[in-house]
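What follows is one structure encoded as structure tokens, with my remarks underneath.
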Amino acid sequence: MTKPIKLPIILAALLVATQSLAAEIEGAGSTFVSPVMAKWIDAYKARTGNIVNYQAVGSSTGVGLIKTGAVDFGASDMPLDPKELDRLGLMQFPIVIGGVVPVVNIDGVKPGQIRFTGQMLADIHLGRLKSWNDPAIRAINPDIRLPNAPITVVHRIDGSGTTFNWSNYLSKVSPQWKTSVGEGTSVEWPLGLGGRGNDGVASLVSLVPGAIGYLEYTYALQRLDRISFGIVQNSAGNFVVPDAASFQAAASSADWKAEKDFHLVLTNAPGEDAYPITATTFVLMPKTPKSQERSAGVIDFVRWSLENGKPQAETLNYVPLPTALIGQIERYWQQNLDASTVSASATAKR
């Protein structure tokens with residue numbers, strides 16, 4: 001007759017499994033994703049009791065911290081090249097999709113009212129268009145009373161994935177921008193004032209009459225009492241309002257399976273309704289972590305966010321990843337992480 005397993009042994013085993021995911025997880029990087037990351041962290045803690053600390057310090061700093069092993073995961077809105085990932089022993093995968101929008105401080109201009117072409121945005125940031133009543137701006141905004149006032153450009157001064165997507169888009173639509181400035185998390189801005197983080201740019205634009213800057217869409221919505229966002233002409237020639245639907249329209253053309261390590265940028269995507277400055281936030285992790293328990297904790301948090309965090313993302317006008325892409329990410333984990341790390345984290349359906 002088989003002896004029954006003693007209850008204390010079962011409880012002890014459960015306690016060990018719980019403790020393996022109870023360590024505080026440390027992450028850092030993208031300010032673009034910070035609003036929804038904060039919501040996910042709070043909901044995840046309430047559901048599981050596990051603690052995730054996230055520092056919104058900018059994509060470049062987040063990448064630097066994961067490279068040195070100072071955090072358990074980094075978050076960046078600029079994907080790293082697969083060759084660099086291999087050299088560093090890192091992996092990356094998407095976690096959420098959103099948009100970068102132009103924001104202005106012009107008296108009387110309402111949210112979603114002012115229109116921009118990509119070339120116009122490049123010319124403003126190059127200093128070729130200096131006044132809001134320039135004929136080029138008035139030509140596509142005939143119904144708006146634009147002031148005879150100087151344009152003040154506001155940009156990021158920290159290494160930023162938001163800057164990467166903004167400058168990447170400008171490089172695609174303006175040959176002069178591509179050759180004279182280019183793209184990156186940091187660029188040599190021809191002119192303008194610098195703010196740190198999305199919050200810093202939002203604050204400066206709201207304080208300076210005639211200012212123009214760029215923000216993750218949620219940050220723009222939070223400041224509508226002081227600033228307005230604009231709409232941008234897409235590759236199909238349509239002026240598209242930024243929102244979850246137009247971000248989703250841009251993301252729908254993405255072929256994630258064709259790209260190693262999900263190395264894909266969504267700016268200037270095709271489609272009648274696609275918003276042209278749509279962006280993805282990526283999580284970066286070591287393939288061989290210092291601590292399998294902490295790595296399992298990261299995977300547990302990300303899996304929970306992907307499968308259970310859709311309401312928080314949608315409320316903040318981000319686009320949750322589709323089920324098929326989540327399945328692809330799961331397979332990617334299995335290919336790049338120790339099997340015990342992935343299986344130890346399989347708690348997301350709690």
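The values are calculated or read from the model by the stated rules, or taken from the named source; none is laboratory data. Just so we're clear, the structure is a prediction, and the values are computed from it rather than from any experiment. For neighbour counting, all protein chains shown are included, and Cβ atoms are generated from backbone atoms with ideal geometry for every residue, glycine included.
A few notes on this one:
- Members of the stretch 256-312 found to be hydroxyl-bearing (Ser, Thr, Tyr) and within 17 Å of the chain's Cα centre (by Cα), listed by number: THR267, TYR275, THR278, THR280, THR281, SER305
- All positions within the stretch 328-338 that are part of a helix (DSSP H, G or I), surrounded by 11 or more Cβ atoms within 10 Å (Cβ to Cβ) and not hydroxyl-bearing (Ser, Thr, Tyr): GLN328, ILE329, GLU330, TRP333, GLN334, ASN336
- Residues located in the stretch 172-210, provided they are in a helix (DSSP H, G or I) and surrounded by fewer than 16 Cβ atoms within 10 Å (Cβ to Cβ): PRO175, GLN176, THR179, SER180, LEU207
- When each of LEU306, LEU316 is tested for being in contact with a Ser or Thr (Cβ under 8 Å, 6 or more places away or on another chain) and within 12 Å of VAL96 (Cα to Cα), the lone residue that passes is LEU316.
- If the condition is being out of contact with any His (no Cβ under 9 Å at 6 or more places or on another chain) and either of a type in the set (Ser, Thr, Tyr) or closer than 14 Å to GLY192 by Cα (or both), then the stretch 208-226 contributes VAL208, PRO209, GLY210, ALA211, TYR217, THR218, TYR219.
- Tally of residues being surrounded by 18 or more Cβ atoms within 10 Å (Cβ to Cβ), within 20 Å of the chain's Cα centre (by Cα) and in contact (Cβ under 8 Å) with a residue 60 or more places away in the chain across the stretch 222-247: 9
- Test: residue in the stretch 50-68 that is part of a loop (DSSP other than H, G, I, E, B), more than 30 Å from ASP81 (Cα to Cα) and modelled with pLDDT under 95: no
- Once the stretch 73-113 is narrowed to residues that are outside any loop (DSSP other than H, G, I, E, B) and basic (Lys, Arg), the residue that is nearest to THR162 (Cα to Cα) is LYS83.
- Residue list for the stretch 126-170, filter: of a type in the set (Gly, Ala, Ser), in a helix (DSSP H, G or I) and either in contact (Cβ under 8 Å) with a residue 24 or more places away in the chain or surrounded by fewer than 21 Cβ atoms within 10 Å (Cβ to Cβ) (or both): ALA136, ALA139, GLY161
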